[in-house]
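See below for the structure under consideration.
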Amino acid sequence: MQKIITGYQFFEKEIATEKRSGLVIAKGLPRGKGDVTIYWQDYEEAAFDKPTFWYMRYDESMGKTMGKPSEFKVTFPGESEEGDGKIPPKGE
Amino acid sequence: MAVGNGMGIGIPMVNLGLGGGGGGGTGFLLDDYPNTTGHSYSLRQLSASTTNVVRVRRTSDNAEQDFTATGLTDGTLDLFCGEEQGYVAKWYDQSNSLNVYNFTALQQPLIYHGEEGGLLLQNGKPCMEFDGVDDTLQVLLPAPYASSYYLFAVNAFVGPIGEDKYYIYGLNDPGAINPTQMSSYINQTLPVTELKLRGTSDLVGTMTTNPTLQSLYYNRQIDSPVAQSVVNVNGQNISSLAANGAKDINTIYIGSNTIPDGHSKIRLQEFILYLADPASNATAIESNINTHYSIY
């Protein structure tokens, strides 16, 4: 099953890690020693797509650091083929 | 990463019976019905020795703070979050310190909305809301677990429920493809709400109550003497199956079925996973929970 994701797509894991770190710096995380929250947004691996890529889901809080998001398809091992296959970004 | 365990130091305390009652015991659920090998997450105090129940991150400056059950409702959380939002960074295990958490700010469930009433409540009691996009709380088990389990969950699916499945939890198998999970959805051909439990096969039961209302789910997965999967909703058995496939699990996911797009918009208040058979106490546990939450 493929779904359309709004977010940021990376074809190298190192770049995804670098972008994640950029968000961490921009958001001043972690706030305190021993805090649970260490990322603002994490990346996920599109392991069922070939070639494999990595992506972050968009949230409006990320635009300033990450720029304009794009739409791309991700394959999931899900059950349902129903709906338009589009996962809305957070907050919508 | 924080290592707090939410438990007291073991100082004997007089149990004043403030834990919500039910079942005619001492009051706190875990004191009456110990979960010594399992994991117990709740926004209420489940044991006399429990201190913190949850850690909250506020959006104003991303600061985090631990809260007792009382601290959620006595104004302490209001003082901490003010007009901003509060998200659950960690939900303390009141049994065995295997806390569920999320490292990622945008994937933490909401517990406080400063501009819309403050602490989130479901049927008058504190709850946390998972957004259905990517929110989860999760933890890796110390070792893969492949035996019977007994789950009690107080949950409301945030409507409208559609034909897609809305999950309460996933217990990930090491292969990660076929998680055990509990969900609810409207069947396309039947005007009924159903509950599905999925291992390698499905367990379907027809609910007679609206899953968008606060409900108590009890899921019993037994290996022996006869493999059996049973689901009760609000004290009523809705389905039983002779066997339901593999139960080998290595991760607890809450708010998701463990598959990347398997997230659900739910309001959760309690999630108690017994790994030892509560046997005849199961009914009393359901009663204790219902007495506290006034579900049915």
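The values are calculated or read from the model by the stated rules, or taken from the named source; none is laboratory data. On a predicted model such as this, the values are computed, not experimentally measured, just so you know. When we count neighbours, we look across all protein chains shown, and the Cβ atoms used for this are built from the backbone with ideal geometry, even at glycine. These area figures cover heavy atoms from the full protein model, side chains too; ligands, DNA and RNA do not enter into them. Shrake-Rupley method; radii C 1.70, N 1.55, O 1.52, S 1.80 Å.
Assessment of segment B:71-79 against the conditions (within 11 Å of another protein chain (Cβ to nearest Cβ) and of a type outside the set (A, V, I, L, M, F, W, C)) yields no matching residue. Consider B:GLY21 carefully, then state whether it is farther than 15 Å from B:ASN99 by Cα, modelled with pLDDT under 60 and crowded, with 17+ Cβ neighbours inside 10 Å. So B:GLY21 fits the description; yes. Which residues, counting only those in segment B:273-291, are more than 24 Å from B:ILE161 (Cα to Cα) and either under 15 Å from the mean Cα position of the chain (by Cα) or open to solvent by less than 20 Å² (accessible area, probe 1.4 Å) (or both)? B:LEU273, B:TYR274, B:LEU275, B:PRO278, B:ALA282, B:ILE285, B:GLU286, B:ASN288, B:ILE289, listed by residue number.
Across segment B:102-111, the qualifying residues are those that are touching a residue at least 40 places away in the same chain (Cβ under 8 Å) and in contact with a Lys or Arg (Cβ under 7 Å, 6 or more places away or on another chain), and the one among them that is farthest from B:LEU77 (Cα to Cα) is B:ALA105.
Which residues, counting only those in segment A:43-66, are in contact (Cβ under 8 Å) with a residue 12 or more places away in the chain, surrounded by fewer than 19 Cβ atoms within 10 Å (Cβ to Cβ) and in a loop (DSSP other than H, G, I, E, B)? Those that are in contact (Cβ under 8 Å) with a residue 12 or more places away in the chain, surrounded by fewer than 19 Cβ atoms within 10 Å (Cβ to Cβ) and in a loop (DSSP other than H, G, I, E, B): A:PHE48, A:ASP49, A:PRO51.
Checking the stated criteria, B:VAL53 turns out to be touching a strand residue (DSSP E or B) at 6+ places or on another chain (Cβ under 9 Å), closer than 23 Å to B:SER294 by Cβ and of a type outside the set (Lys, Arg). Identify the residue in segment B:94-121 that is away from chain A (no Cβ under 14 Å) and open to solvent by less than 20 Å² (accessible area, probe 1.4 Å) and, among all such residues, is farthest from A:GLU60 (Cα to Cα). If we take residues in segment B:94-121 being away from chain A (no Cβ under 14 Å) and open to solvent by less than 20 Å² (accessible area, probe 1.4 Å), then B:GLN94 is farthest from A:GLU60 (Cα to Cα).
Please find, among B:ARG44, B:ARG58, the residue that is of a type in the set (Lys, Arg) and open to solvent by less than 50 Å² (accessible area, probe 1.4 Å).
One residue alone meets the criteria, B:ARG44.
Contact annotation: residue pairs with Cβ atoms under 9 Å, 6 or more positions apart or on different chains, pairing a residue in segment B:74-85 that is in contact (Cβ under 8 Å) with a residue 40 or more places away in the chain with a partner that is open to solvent by less than 40 Å² (accessible area, probe 1.4 Å) and assigned to a helix (DSSP H, G or I), are B:LEU77/B:GLY71.
The residues in segment B:122-137 that are open to solvent by less than 30 Å² (accessible area, probe 1.4 Å) and under 13 Å from the mean Cα position of the chain (by Cα) can be counted, and the count is 6.
All of (1) facing another protein chain (nearest Cβ under 10 Å); (2) surrounded by fewer than 21 Cβ atoms within 10 Å (Cβ to Cβ) hold for B:THR68 with one exception: (1). Give A:LYS50, A:LYS90, A:LYS86 a once-over and let me know the one that is at pLDDT below 95 and within 8 Å of another protein chain (Cβ to nearest Cβ). Result of the check over A:LYS50, A:LYS90, A:LYS86: A:LYS90. Of all residues in segment A:8-34, exactly one satisfies the criterion of being part of a helix (DSSP H, G or I), open to solvent by 90 Å² or more (accessible area, probe 1.4 Å) and in contact (Cβ under 8 Å) with a residue 24 or more places away in the chain, namely A:LYS13. For B:ASN35, the test of being at pLDDT 95 or above and within 14 Å of chain A (Cβ to nearest Cβ) is failed.
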